[in-house]
Each structure stands twice: as structure tokens, then as C-alpha cells.
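Heads up, the thing below is written out as C-alpha cells.
We did not get these values from a lab; they are worked out from the coordinates using the rules stated. As the structure is a prediction and not an experimental result, all values here were calculated from the model. Every residue, glycine as well, gets a Cβ built from its backbone with ideal geometry; the counts of neighbours run over all protein chains shown.
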Amino acid sequence: MTSLPPTVGFDLDMTLIDSRPGIRACYRELSARTGTYIDADLVVTRLGPPLTEELANWFPAEEVEAVAAVYREMYPSHAIVPTPAMSGAREALAAVRAAGGRAIVVTAKYEPSARLHLDHLGIEADALVGDLWAEGKAEALRAHGADVYVGDHTGDVRGARTAGALSVAVATGPCDERELRAAGADVVLADLTEFPAWLAGHRERASGVGPGV
């Protein structure tokens, strides 16, 4: 039995990038522009779902789409520079490529904003698909033939399972290990620094070289 080169999907916010500083800054500016109170510190504790879901906590339903447009317009000037890569992010993608595979990014974030983050941080993905959340991510994962999806949220676990991909979760976002396992994650890592060793072991087991699961 041989182990084919993997296609691995990665979430973006709190998986590949620590978007809290940039999103916090953006929400504070949005609050100032609109005159609407927004607890930006609370917002960044629950990152993952689409922007419009969060805005619905602070604005009337009929205003959400218009406010989302304002947020997206200001995002590049407030959120890109303050946002660092997560520990192990570049190394995780490099491990996929070293195995002859493809590393793709599938995120709920507005795709042009996601591209700005990747370009700013020098994180090179073989494909980027934005504006997909939870089970909706399965659309892109299936289209790209992803064997594994790595994310930090229970929504990412659901996306992986819907796509028939192995769910590898990292406990670096709003969901802890218990929540991720309860949602059905196949593997939970502390962070992406553990991913290269996990991938190597996973490929050995798949090829029948390493110890059985």
C-alpha cells in the first residue's frame, strides 16, 4: 500500500494567523465610525463564524449588510499589519509540500482580506477559497480533493467531516480540546508546531510502514 501525496486544507483565523489584534483594531474603529458600542475584546474570543453573524450581535438586522461593507472597506488599513502568523504556520505548509502534497486555505473570511493576510505574511497556499463556513467548507475541500482539514473551531470539524476529510484540530482558537473532540475531531494538536510530526506519522501509518493506529 502506498501513501499518496496529501492535499491538506487549513483554516485561516486562529489556525494560520492570530487575527485577534487586527480584528480588535478594526472593530474599535467600526465602533468609532458608527457610534455603536462594540465590545471588541469579547468579539475576539469567539472568532470563526462569518462576519455578519458577529455584527448581528451589535447592529439591527436591517443594517448588518451595510455595516459589513464598511468593515470590509476599512479592514486592509487596520487589520493586516497587526496580525502575525501563528507558531508553526509556515512550517506546517512546508511539511505538506515536503511530502509532495498541496496546501490550500479554506476560510470563512472575505477572500480578498484573506489574500492580503497571506501575502503580507509570506504564507504561500496552493489555493485559497474564502467566504465558506462550517459545513459549507466541504464544497471547497471536496473540489480540491482534500484528505485532511486543519482548523481551530468546531465549525471546522463539521466542515471536515461533511467533506469526508480527516479532521485535525488545533486548540489555538475559541474551542478547547474537549469541545473539539466532542464535535468529532479525529486528532487534536496543541498548535501547528506539532503538525509536521503528526503528518509524518500519519503518512507512515497510511503506507503501512509505521505502527498501527
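Relative to the dominant Cα principal axis of the chain, helix 111-121 is inclined by about 70°. Springs join every pair of Cα atoms under 10 Å in this Gaussian network model of the chain, and among Val188, Val43, Val168 the largest mean-square fluctuation is at Val43. For the chain, the longest principal axis of the C-alpha atoms and the axis of helix 154-163 are separated by about 50°. For the residues Ala32, Ala40, Ala183, a GNM of the chain with alpha-carbon springs under 10 Å puts the largest fluctuation on Ala32. Mean silhouette area of the chain, derived from the convex hull of its C-alpha atoms and averaged over all directions, reads 11.4 nm². Mean separation of Cα pairs under 8 Å and 6 or more residues apart, divided by the residue count, gives the chain a relative contact order of 26 percent.
The trypsin sites (Lys or Arg not before Pro) of segment 17-67 meeting both criteria, a DSSP state outside H, G, I, E and B (loop) and at most 16 other C-beta atoms within 10 angstrom of the site's C-beta, are Arg46. Sparse packing (at most 15 other Cβ atoms within 10 Å of the Cβ) combined with a DSSP loop state is found for the following chymotrypsin sites (Phe, Trp or Tyr not before Pro) in segment 1-96: Tyr37. If you average the alpha carbon positions of segment 138-184 and of segment 1-59, how far apart do those two centres end up, in angstrom? What the calculation gives is 17 Å, centre to centre. Rounded to the nearest 10 degrees, the angle from helix 195-207 to the longest Cα principal axis of the chain is 40 degrees. Each Cα pair under 8 Å and six or more residues apart adds its separation to the average, and for segment 72-142 the resulting relative contact order is 34 percent.
Computed from backbone phi, the HN-Hα couplings of segment 97-104 come to 5, 5, 8, x, x, 10, 10, 10 Hz, rounded to whole numbers (Karplus: 6.51 cos²θ - 1.76 cosθ + 1.60, θ = phi - 60°; Gly and Pro given as x).
Extension gain for the segment Arg46 to Glu177, taken as residue separation times 0.36 nm less the Cα-Cα distance, is 45.6 nm to one decimal. Using a Gaussian network model of the chain whose springs link C-alpha atoms within less than 10 Å, name the residue from Met14, Met86, Met74 with the highest mean-square fluctuation. Result: Met74 has the largest fluctuation of those listed.
Relative contact order for segment 1-116 using alpha-carbon pairs under 8 Å, separation at least 6, rounded to a whole percent? Answer for segment 1-116 is 48 percent.
Note on the chain: helix-only mean residue ellipticity at 222 nm, from DSSP H runs of 4+ residues weighted -39500 (n - 2.57) and normalised by residue number, equals -13000 deg cm²/dmol.
Sorted largest first, the principal axis extents computed over the alpha-carbon atoms of segment 1-66 equal 61, 25, 16 Å. Computed extension length for Glu91-Glu53: 10.5 nm, one decimal, from 0.36 nm per residue of separation with the Cα-Cα distance subtracted. Across segment 39-162, counting alpha-carbon atoms alone, Rg and Dmax equal 15.3, 49 Å.
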